[in-house]
1. If R₀ is 41 angstrom, what is the calculated FRET efficiency for the pair E88 and V34, using the beta carbon separation as r and rounding to 0.05?
2. Hey, what did the range 1-96 get for relative contact order, percent, Cα under 8 Å, at least 6 apart?
3. Which GluC sites (Glu not before Pro) in the range 6-98 sit in a loop by DSSP (not H, G, I, E or B) and have at most 15 other Cβ atoms within 10 Å of their own Cβ?
4. Loop-only check: which trypsin sites (Lys or Arg not before Pro) in the range 60-97 are DSSP coil with at most 12 other Cβ within 10 angstrom?
5. How large is the translational diffusion coefficient of the range 22-113 in µm² per second when you combine the Kirkwood radius over alpha carbon pairs with Stokes-Einstein at 4 °C and 1.567 mPa s?
Amino acid sequence: MINRLMEKKRQDEGFTLIELLIVIVILGILAAIVVFAVGGITDKGEKSACQSDYKNVEVAQEAHYAKTTPSEYADNVTALVTAKLLREAPPAKYGISTDDTGKVYTTKGESTVPTNANCPA
């Protein structure tokens, strides 16, 4: 009986240190791949949000022109919010602004472009 228990104990083997290290390395590589994949999705979301806000300001500007008598464009984004054509102003980080000619601009540093070209890439 004792011999049987001793032999059974010798047959019980666990994982070796090398096997555990290999599993940990594989899990680390998979985690790194997931982190970089999620980071790319966030960047695309920022650009899409900026472009969407830009288009909303354009549409609100045209609605302001159609709504006012005599027809005129809003001087700035705040005027569009006050006229309740926009729920809120776009985030300042996008640099979206407008003028009384109806053009909508995005700014990045010192460059002002009448398109959404300055939205985050």
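No value in this document is a laboratory result; all are computed from the given coordinates. These numbers were taken from a predicted model, which means no experiment stands behind them. Using ideal geometry, Cβ is built from the backbone for each residue, glycine included, and neighbour counts are taken over all protein chains shown.
1. Details: r = 34 Å, r/R0 = 0.82.
According to the calculation, E is roughly 0.75.
2. Details: 32 pairs, mean separation 16.4, N = 96.
In percent, rounded to a whole number, it is 17.
3. E13, E72, E88
4. Working: sites: K67, K84, R87, K93; in loops: K84, R87.
Sites meeting the loop and neighbour criteria: K84, R87.
5. On the way: Rh = 15.5 Å.
Estimated via Stokes-Einstein, D reaches 84 µm²/s.
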